[in-house]
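Peer 1: Take a look at this one; I'll ask things after.
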Amino acid sequence: MLDDTIAAISTPPGEGGIGIVRISGPAAVEIAQKIFRPAKKNNWQKQTFRLVYGHIYDPGDGQVIDEVLLGIMRAPHTYTREDVVEINCHGGALPLRKTLELVLGVGARPAEPGEFSKRAFLNGRLDLAQAESIIDVIRARTGDALRLAVGQLSGGLSKKYASIQEELLAMTALIEANIDFPEDEVEEYNLDEIYSRAGKMAGEIQKLIDGAETGKVYREGVRTVIAGKPNVGKSSLLNVLLREKRAIVTDIPGTTRDIIEEILNIGGVPLKIIDTAGIRDTEDIIEKIGVQKTRESIKGADLVILVIDASSGISDEDRKIIDLVKDKQGIKVMNKIDIVENDENRRYIDAVLPEWPLVRVSATEEKGIEQLEKEIVEVVTGGRIIPADGAMVTNVRHKLLLKKALDHLKEVRAAVENRVPLDLIAIDVRSAWEAVGEITGTVTTENIIDKIFADFCIGK
């Protein structure tokens, strides 16, 4: 437990029904006593997990600052495993700021970004993987993203890491026992068994790495660009996907001059979807800027939805756009099938983009949209579903450390094949254990911890 007491406003800026000033540390209750006057004197300071009605006042002049509900939570059964006081004020900027100023004036210090969660980690309430998932819970934009984050916060992924670490530690201990006490009757660990166990652990880690790209999709969303020549129906498609008229739709080519970006939930996957200006040669300066922005958006896209006019032939503009997007991950959309469908278009587009799935739609009549949504989810998730326990890697830091552990295990197997001495093999096994330990914080440094919690908001 840390010696000082911290405080911060824990609710978002702006006006609301309630705003909370959070205090955590050994002097939390003592500090609250100096600025809180209960409506009834009932030894409120000795209670725990109770809300007490009263007023915050300035001890200097006795002026009442706000009417509040004050909650006391005693260690160790709190978020930080320290004494915690939460002052539920009216949710305006002024009462919150004045209350926090009083708290700081009588003994607390301002909390650093993420310091409440950092204390939860340092006091053993959470491991690092769980602490990082708090941000994912806050930032989740779909139900599936939230379910995944909550599963990780509950320890689903941490249990996987702990199991891998336990096996690696057991391997290390037994290898080193054979090195240090070769004459004793310890469990015999022959090279074939080391090889087999390292392979099993490598397989477990590889599974987690394989799911990381899908996990990243749910955590960060998919930057998706709707591309195509002018007047092909890109804006109409955006509107029908959004279920609202967000983009202007006319029969005039070049109507969309700038990119339009929206967040969309498709099958639980958050899409940052961008409607772009149609790509064509133009003398219009403003349209030229829009076309350049389109090219930049395509370059940075995770997914391209290429829209082709099913009612007309493939044009030079289509061919230029296809050449621009051919190295991306994408979906081919034949739009305007309600007018007439040119089979030659389909054969051409299938030949030049054979890996991309094809969906036939009519944006104006909303035909084929459900199939398009299914294809989007299939392409970006690879068909992987979220495990019930939330044990799917979503964090790039985790993925890099898992790759590091995997590389060490590959070295172990190579060393066994080459009959390298056990003491050298033990180094790689321990290094793999340490890499996984960095994920949960069982092996870490103060710099890593500070960097992780610096990304948190103040008050969390």
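Peer 1: Among the residues of the stretch 409-424, is any under 19 Å from residue 202 (Cα atoms), among the β-branched types (Val, Ile, Thr) and under 28 Å from the mean Cα position of the chain (by Cα)?
Peer 2: Within the stretch 409-424, none of the residues are under 19 Å from residue 202 (Cα atoms), among the β-branched types (Val, Ile, Thr) and under 28 Å from the mean Cα position of the chain (by Cα).
Peer 1: Could I ask something else about it? Among residues belonging to the stretch 409-423 that are of a type in the set (Val, Ile, Thr) and either in a helix (DSSP H, G or I) or touching a residue at least 60 places away in the same chain (Cβ under 8 Å) (or both), point out the one that is farthest from residue 198 (Cα to Cα).
Peer 2: By that ranking, first place goes to 416.
Peer 1: Can you name every residue in the stretch 85-125 that is under 21 Å from residue 59 (Cα atoms), in a helix (DSSP H, G or I), within 32 Å of the chain's Cα centre (by Cα) and not aliphatic (A, V, I, L, M)?
Peer 2: Once the filter is applied, which keeps residues that are under 21 Å from residue 59 (Cα atoms), in a helix (DSSP H, G or I), within 32 Å of the chain's Cα centre (by Cα) and not aliphatic (A, V, I, L, M), the stretch 85-125 yields only 97.
Peer 1: Going through 339, 385, 376 one at a time, which residue ends up being more than 27 Å from residue 219 (Cα to Cα) and of a type in the set (Val, Ile, Thr)?
Peer 2: Sole residue among the options that is more than 27 Å from residue 219 (Cα to Cα) and of a type in the set (Val, Ile, Thr): 339.
Here's the yes/no breakdown for (1) buried (at least 19 other Cβ atoms within 10 Å of the Cβ); (2) in a helix (DSSP H, G or I); (3) touching a helix residue (DSSP H, G or I) at 6+ places or on another chain (Cβ under 6 Å); (4) not charged (D, E, K, R):
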site: 385; (1), (2), (3), (4): no, no, no, yes
site: 392; (1), (2), (3), (4): yes, no, yes, yes
site: 403; (1), (2), (3), (4): no, yes, no, no
site: 406; (1), (2), (3), (4): yes, yes, yes, yes
site: 425; (1), (2), (3), (4): yes, yes, yes, yes
site: 428; (1), (2), (3), (4): yes, yes, yes, no
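Peer 1: Let me ask something else. Pick from the stretch 17-46 the residues that are within 20 Å of residue 116 (Cβ to Cβ), of a type outside the set (A, V, I, L, M, F, W, C) and in contact (Cβ under 8 Å) with a residue 60 or more places away in the chain: which of them is surrounded by the fewest Cβ atoms within 10 Å (Cβ to Cβ)?
Peer 2: Residue satisfying both the conditions and the ranking: 30.
Peer 1: Let me ask you something else. I'm trying to understand the selection: among the residues of the stretch 218-237, which are assigned to a helix (DSSP H, G or I), small (Gly, Ala, Ser) and either modelled with pLDDT of 85 or more or not assigned by TED's automatic domain parsing to the domain that holds residue 368 (or both)?
Peer 2: 236
Listed here are the residues, each with its yes/no results for (1) closer than 28 Å to residue 406 by Cα; (2) in the same structural domain as residue 398 (by TED's automatic domain parsing); (3) buried (at least 22 other Cβ atoms within 10 Å of the Cβ).
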| residue | (1), (2), (3) |
| --- | --- |
| 99 | no, no, yes |
| 168 | yes, yes, yes |
| 173 | yes, yes, no |
| 191 | yes, yes, no |
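Peer 1: From the list 283, 262, pick out the single residue that is part of a loop (DSSP other than H, G, I, E, B), modelled with pLDDT under 85 and surrounded by fewer than 20 Cβ atoms within 10 Å (Cβ to Cβ).
Peer 2: 283
Peer 1: Further question on the same structure: Hey, could you check the stretch 373-398 for residues that are of a type outside the set (Ser, Thr, Tyr) and within 13 Å of the chain's Cα centre (by Cα) and say which is farthest from residue 161 (Cα to Cα)?
Peer 2: 396
Peer 1: Residues that are assigned to a strand (DSSP E or B), acidic (Asp, Glu) and under 38 Å from the mean Cα position of the chain (by Cα): does the stretch 28-39 have at least one?
Peer 2: No: the stretch 28-39 contains no residue that is assigned to a strand (DSSP E or B), acidic (Asp, Glu) and under 38 Å from the mean Cα position of the chain (by Cα).
Peer 1: Could you identify the single residue in 290, 215 that is at pLDDT below 70 and either among the basic types (Lys, Arg) or buried (at least 19 other Cβ atoms within 10 Å of the Cβ) (or both)?
Peer 2: 290 is the lone residue from the list that is at pLDDT below 70 and either among the basic types (Lys, Arg) or buried (at least 19 other Cβ atoms within 10 Å of the Cβ) (or both).
Peer 1: Is the stretch 63-73 home to any residue that is surrounded by fewer than 12 Cβ atoms within 10 Å (Cβ to Cβ) and charged (D, E, K, R)?
Peer 2: Within the stretch 63-73, not a single residue is surrounded by fewer than 12 Cβ atoms within 10 Å (Cβ to Cβ) and charged (D, E, K, R).
Peer 1: Still on this structure, please answer the following. Pairs under 7 Å by beta carbon, first residue without any contact (Cβ under 8 Å) to a residue 40 or more places away in the chain in the stretch 317-338, partner among the hydroxyl-bearing types (Ser, Thr, Tyr), six or more apart or different chains?
Peer 2: What qualifies is 337/362; 338/362; 338/364.
Peer 1: When the residues of the stretch 410-444 are filtered to those that are small (Gly, Ala, Ser) and out of contact with any Asp or Glu (no Cβ under 6 Å at 6 or more places or on another chain), which remaining residue is nearest to residue 129 (Cα to Cα)?
Peer 2: Result: 437.
Peer 1: When you go through 100, 148, 128 one by one, which is the residue that is within 14 Å of residue 23 (Cα to Cα) and touching a residue at least 40 places away in the same chain (Cβ under 8 Å)?
Peer 2: 100
The values are calculated or read from the model by the stated rules, or taken from the named source; none is laboratory data. What you are looking at is a predicted structure, and each value in this text was computed from that prediction instead of being measured. Note that each Cβ is placed from the backbone with ideal geometry, even for glycine, and that neighbours are counted across all protein chains shown.
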